[in-house]
Each structure stands twice: as structure tokens, then as C-alpha cells.
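Written below as C-alpha cells is the structure these notes are about.
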Amino acid sequence: GMKTVVFPVAGLGTRFLPATKAVPKEMLPVVDKPLIQYAVEEAVSAGAETLIFVTGRTKNAIADHFDTAYELETELASKNKNDLLEIAQSVVPKNVSCLYVRQSQPLGLGHAILCAKPMVQESVFGVILPDDLIYNPQSPALAQLAQHHGQTGSSVVSVSEVRPEHVSRYGVVDAPSFEGRSGRLQGIVEKPNPEDAPSNLAVVGRYVLSSEIFSILENTEADHRGEIQITDAIATLLKHHPVDAYRFEGQQFDCGNKLGFLQATVTLGTKHAEVGEAFADWLNQIEH
Ligand code: UTP
């Protein structure tokens, strides 16, 4: 199984300024949970027991969130507020370890993943970018990828169809033998021009990677912006190790930009156990 998941969360989140000046973007809540907690719950439901957060200087709130909140818990316990105590204590199950490592310079997503190398003990590990929120309570996206890895032994990159005119915003895969939900990767390119794009299947923030990726990342050159791209390392990996693209089931929101974040808030708001119905009623009223 896949026991280790890496969360690269060292990015600056400039698209959310001023909200992200002092608060990491991964701590922005969709309804009542920070983005990072959706990501952690997805990892845990895929079987992860070691969570590795690659953080930066302004990200202490993330470590605090998954730590014991001693004063808060003592206060809630003394007032017999057991429901709230349970919520505060259950952000991460007791059998799950949280490890933290700093990426001291923003040298790209590939470099952030490489920072986790000393902590990854297994030959295969998962990666979740918390900005990409994937809603599928029945079958969380990373568990779908892990299952595909279990059946095939391949490394797995999650993909989703995008409008052809939007391919230049994403990593795009070349997987001509697609059948059902998956296809063997023959190539992968970062932000292609629409006329050069090998497909309209864009990479989304979920990966299951062979630990061979680390030595490849160590030898991957930075791009013209000075960043080491995971896309370039995967393009090397697939030459001698099977990598599959997997079209997951679920609704994806790019919460790294404002529009995607608002769409996630409205969609998850209308499904929320406590406020969903009242929120949906209110939305219906304001639409008329
Ligand atoms: P983004 O491209 O969204 O960049 O990174 P960002 O800095 O987080 O946000 P903006 O564009 O300034 O608003 C994609 C993912 O890769 C991580 C980010 O934390 C995010 O999860 N990342 C990116 C790193 O951990 N380190 C890096 O050097 C770059």
C-alpha cells in the first residue's frame, strides 16, 4: 500500500494577496475546514500513515493546526463541550504521523518534492497539492490513484479534460492508448501552446510516484524561471519506468485562484450537513 503522502505547501500564494500575507493559503477555509485539512483527510482515507509537509517560512499555522491545541482543549473539556472537543482533536487520527521540512527557497514544485526525500522510507509515495480540491466523498481521488497503482505497479498522474484553448495553463499529457480511465504516458509537457498540445488532458494535483523520482529530480535542470518542474522529472521517469495518466472521478476545484475557490465554497456549502439546505434555499432566492 501507499503509506506516505507529501504535501508541497511552500508556495507564496500571491494570487490571494492580501489574504495570504500572514496566513498560508492552505489555511483558507472552504466553509469550515482549511484546504489543507481536505487534503489530509483524502490522504488518510487512501491509507496514508506518514504525512510530510514541505513548508516555508510563513507556514507555521499548518503545523499548529495538526498539533494538540492544549489551551483550547483544556478549556473545552472543563466546560464539557465534548462535541467541539471531538472536532478539535480529530483533525488527524492518532496513528498518523505529521513530519515537517522546510523548502528554504521557492525553487519550484519539483524541488519542493525533492525536499521530502530524507523522510520518504517507501519505494512509492503519494503527492497532494491542497490547492486542487477534489470533491468525491464516496471515492477520494488519491485512493483511486493508489488503487490503479496497486493493480498495475505504475506511477500515476491524475488528469482531467480541459478546454483546448486552456491547455497552456497546465502540464499536459501524451497518452494515446487511453482506455476507460487510464492510459500509459508517452510524454508530458508543461504549459504547451494549444497548437502543440499532445491532448487536452491536464495534470491535476495528485500523483503516485516511484521513489526513483528523487534521483531524477536531483539531476533535473531548472527552467527559464529558475524552477525545477516535476513535469520535467516525470518526462524522464517515463523513459524507464511505467507511468500512467488516470482520469479520476470527482469534481475538481482549483482553489489557488479566486474563481475556483468561490466555486468550491458554493458547491461544498450547498452540500454541508449543517448549513447546506439553508444555503441552497438562500441561493435560490437571490438568483430571482
Ligand atoms: P503554485 O503554482 O500555485 O504557486 O504552486 P504558489 O506560489 O503556491 O501560488 P501563487 O501562484 O503565488 O498564487 C503549486 C503548488 O506547488 C507548491 C505550492 O505550495 C502549491 O501547492 N510549491 C510551488 C512549492 O511548495 N514550492 C515551490 O517552490 C513552488
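No value in this document is a laboratory result; all are computed from the given coordinates. Keep in mind it's a predicted model, so treat the numbers as computed, not measured. All Cβ positions, glycine included, derive from the backbone under ideal geometry; neighbour counts span all protein chains shown.
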In Å³ per residue, the alpha-carbon convex hull of region 126-276 encloses 127 Å³
When SER104, SER160, SER168 are arranged by how many other beta-carbons sit within 10 Å of their Cβ, fewest first, they go SER104, SER168, SER160
Note on region 136-206: alpha-carbon gyration tensor, axes a ≥ b ≥ c; rule is a/c under 1.5 for rounded, else prolate if a/b larger than b/c, else oblate; result prolate
Any aspartates and glutamates whose Cα falls less than 16 Å from that of LYS81, other than same-chain ones fewer than 8 residues away, would be GLU71, GLU73
Length-normalised contact order of the chain, Cα under 8 Å, at least 6 apart, in percent, tallies to 22 percent
Taking the chain and counting helices only, DSSP H stretches of n ≥ 4 at -39,500 (n - 2.57) each over all residues, the nearest-500 ellipticity at 222 nm comes to -9000 deg cm²/dmol
Counting only DSSP beta bridges with both partners in region 151-288, the antiparallel fraction in percent, to the nearest 5, comes to 75 percent
Taking region 99-186, the whole-percent share of alpha-carbon pairs separated by over 21 angstrom is 46 percent
Put in order of increasing Cβ neighbours within 10 Å, starting from the fewest, TYR135, TYR170 give TYR135, TYR170
The ³J(HN,Hα) series, computed from each phi in region 237-250 with the Karplus coefficients 6.51, -1.76 and 1.60 at θ = phi - 60°, rounded to the nearest Hz and given as x for glycine or proline, is 3, 5, 6, 9, 9, x, 10, 10, 8, 10, 8, 6, 8, x
Spelling it out for ARG102: with amide H atoms placed in the peptide plane at 1.01 Å from N, the residues 5 or more places away or on another chain with amide H under 5 Å from its amide H are THR55
Per the charge dipole of region 14-55 (beta-carbon charges, Lys/Arg positive, Asp/Glu negative, Cα centre), the residue among THR20, VAL30, ALA48 reaching farthest to the positive end is THR20
Sorted on mean Cβ neighbours within 10 Å (highest first), peptides 136-142, 7-13 come out as 7-13, 136-142
Pairs over 32 Å Cα to Cα, from LYS79/LYS117; LYS21/LYS117; LYS59/LYS239, come to LYS79/LYS117; LYS59/LYS239
A student applying the Cα gyration tensor rule (rounded when a/c is under 1.5; otherwise prolate if a/b is larger than b/c, oblate if not) would label region 1-127 oblate
Rg from C-alpha atoms of the chain, normalised by the globular rule of thumb 2.2 N^0.38 Å, equals 1.02
For region 139-235, listing trypsin sites (Lys or Arg not before Pro) in a DSSP loop whose Cβ sees at most 12 other Cβ atoms within 10 Å gives ARG225
Of 118-127, 48-57, ordering from highest average Cβ density within 10 Å down gives 48-57, 118-127
For LYS271, the lysines lying under 18 Å Cα to Cα, once residues fewer than eight places off in the same chain are dropped, come out as LYS33
Length gained, LEU262-ALA63, 0.36 nm per residue minus C-alpha separation, equals 69.1 nm
A correct fewest-to-most ranking of HIS111, HIS149, HIS241 by other Cβ atoms within 10 Å would be HIS241, HIS149, HIS111
extent check for region 72-131: Cα max minus min per principal axis, descending, whole Å, gives 47, 26, 20
